[in-house]
Number of protein chains: 4
Amino acid sequence: MAEENKGLGDLICTYDTAADEAMGKRESHTPRIEAPDVVKADEAFEIKVSVGPHPNKVEHSIRWIEVYFREEGRDFNPLVLARVAFTPAYSEPKVALWLNLRKSGTIFALQYCNVHGLWSAEKDVGVE
Amino acid sequence: MAEENKGLGDLICTYDTAADEAMGKRESHTPRIEAPDVVKADEAFEIKVSVGPHPNKVEHSIRWIEVYFREEGRDFNPLVLARVAFTPAYSEPKVALWLNLRKSGTIFALQYCNVHGLWSAEKDVGVE
Amino acid sequence: MAEENKGLGDLICTYDTAADEAMGKRESHTPRIEAPDVVKADEAFEIKVSVGPHPNKVEHSIRWIEVYFREEGRDFNPLVLARVAFTPAYSEPKVALWLNLRKSGTIFALQYCNVHGLWSAEKDVGVE
Amino acid sequence: MAEENKGLGDLICTYDTAADEAMGKRESHTPRIEAPDVVKADEAFEIKVSVGPHPNKVEHSIRWIEVYFREEGRDFNPLVLARVAFTPAYSEPKVALWLNLRKSGTIFALQYCNVHGLWSAEKDVGVE
């Protein structure tokens with residue numbers, strides 16, 4: 001698909017779909033999600049999202065990370081669960097958050113590098 | 001494509017790709033972008049992005065609008081140009097911004113409704 | 001008051017309270033608020049907030065503008081009405097928003113320059 | 001000081017300055033900052049900021065937490081180090097971040113409750 005025909009969603013890179021120039025940026029740009037495979041309904045659990053090693057300077061850094069959720073059985077997805085904006089040099093592109101889920105689904109982490117664009121990763125979490 | 005196989009980018013609705021339940025939400029959720037067709041390089045121009053008519057209550061509203069840009073000839077797109085977060089009831093999902101472009105490309109507006117998810121629209125802008 | 005004893009609120013500069021090094025930064029950093037003196041209850045009105053002229057480069061720019069409101073008779077103020085984040089070079093530190101008020105009060109604009117800190121300005125708006 | 005004469009900075013509550021109605025909200029609204037007393041220059045350390053116990057519903061929750069820094073010897077303070085926005089019910093008002101400092105100073109956490117306003121707390125961190 002020629003880039004000029006891509007919609008915004010098509011511009012989000014993932015480890016598996018990265019092509020051309022993006023291939024060499026996969027290791028340094030794909031978010032890592034650490035979360036349990038199974039959690040209890042409405043009981044807060046910790047999730048950690050990080051990116052890198054990656055430069056962390058004002059002219060090139062991971063500007064922010066967003067956490068989305070695709071909830072099973074929900075008509076309209078995704079839900080935004082949190083958004084974290086970083087300051088170059090002063091804050092690392094790494095965050096721990098505490099989430100509450102009621103239904104199983106897929107957590108997405110989306111990060112934005114001001115030079116290399118949008119990158120996402122996902123992890124399924126079961127709720128019992 | 002079954003929803004459970006969709007990546008985050010696939011979850012962004014547009015007027016043309018909305019299907020099933022989303023069909024009836026297209027008019028009230030697709031961002032409207034008002035911008036010139038052609039602008040001068042590095043000369044600020046006004047862009048207006050709005051959504052609705054749409055409910056504007058704490059339990060259901062357009063939470064934010066982001067403006068992205070796919071710059072022609074750039075290896076990694078998109079660029080984030082601005083992000084606007086609204087407060088239910090107090091601020092309308094409508095914003096005017098002033099942008100500077102150096103190269104032609106496509107402006108994307110992305111909005112998030114906390115009930116009906118992510119919706120985007122796009123507009124080409126030529127730089128001369 | 002020695003800076004080491006200042007709380008976060010004391011670090012917000014205004015045109016009238018700027019002292020020492022901040023004196024020379026008042027014209028380029030105090031937000032300008034354009035809004036009507038009187039509006040009708042629950043009828044959207046336009047407000048424009050801008051800063052500058054000011055550098056707009058990745059290493060020095062107005063990063064964001066927030067709009068707050070102190071509503072008359074409310075026990076706890078302020079309310080956040082909107083937040084706008086800019087991208088250096090690509091978006092100007094200027095925004096138009098459409099607000100709905102139900103009671104008279106004071107609108108505050110707060111801006112953050114990554115080199116020169118937080119600056120606020122205010123404007124009273126009557127609701128009839 | 002009558003509220004109508006307060007600037008935006010004066011509206012930020014702290015545990016020590018909360019008065020009148022705010023007195024009873026101090027325990028549930030003052031941010032807790034967990035950070036080392038002393039860190040090494042340019043070596044990332046963890047900081048945890050949390051608020052509550054506090055309601056976490058769409059009509060009443062801690063909407064966001066910001067982390068600021070007043071760096072010793074810097075002409076213009078504060079610096080924004082990070083900003084975290086939460087989703088009612090789905091994310092707890094608690095976050096861990098990893099910061100890098102080069103000079104000693106004071107970390108401020110600022111949180112916004114959509115019903116009870118802005119609350120800040122601070123912690124000194126020495127850099128050796």
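Based on Cα contacts under 8 Å between residues 6+ apart, the range B:13-97 shows a relative contact order of 25 percent. Straight-distance candidates among the lysines for linking to residue A:103, with alpha-carbon spacing under 30 Å and chain neighbours fewer than 8 residues away dropped: A:40, A:48, A:94, A:123, B:6, B:25, B:57, D:48, D:57, D:94. Using a 7 Å projection from Cα along Cα-to-Cβ, the label point at residue D:28 is separated from the same position in the remaining copies by 3.2, 4.6, 4.8 nm, smallest value first. Taken over chain D, the convex hull of the Cα atoms encloses 111 Å³ per residue. Dividing the summed helix terms, -39500 (n - 2.57) for each DSSP H run of n ≥ 4, by the number of residues in chain C produces a 222 nm estimate of -500 deg cm²/dmol to the nearest 500. Checking the a/c ratio against 1.5 first, then a/b against b/c, what shape does the Cα gyration tensor give for the protein assembly as shown? It is rounded, given that a/c, with a ≥ b ≥ c, falls under 1.5. Sort shortest first the distances from residue D:72 to its counterpart in every other copy, using label points 7 Å along the Cα-to-beta-carbon line, and give them in nm. Those separations, rounded to one decimal, come out as 4.8, 5.4, 5.5 nm.
Computed from backbone phi with θ = phi - 60° and the Karplus coefficients 6.51, -1.76 and 1.60, the 3J(HN,Hα) list for the range A:17-33 is 9, 4, 9, 6, 4, 6, 3, x, 9, 4, 5, 8, 10, 6, x, 9, 10 Hz; x is used for glycine and proline. Projecting 7 Å from Cα along the Cα-to-Cβ direction, the label point of residue B:124 sits 4.1, 5.3, 6.2 nm from its equivalents in the other copies, listed shortest first. Across the range D:110-122, computed HN-Hα scalar couplings (Karplus, 6.51 cos²θ - 1.76 cosθ + 1.60, θ = phi - 60°) run 10, 10, 10, 9, 5, 9, 10, x, 8, 9, 10, 9, 9 Hz from first to last residue, x flagging Gly and Pro. Of all chain B C-beta atoms, the nearest to the rotation axis linking B with D is recorded, alongside its rounded Å distance, as B:58, 3. Name the residue, out of D:32, D:63, D:74, whose mean-square fluctuation peaks in a Gaussian network model built on chain D with Cα pairs under 10 Å. The residue that fluctuates most here is D:74. The Rg/Rh ratio of the range D:51-97, with both radii computed over alpha carbons and Rh defined as the Kirkwood radius, is 1.13.
Throughout, read-outs are computed from the coordinates displayed, never taken from laboratory work. Everything numeric here is computed off the predicted structure, so don't read it as measured data. Cβ atoms come from the backbone with ideal geometry, glycine included; neighbour counts cover every protein chain shown.
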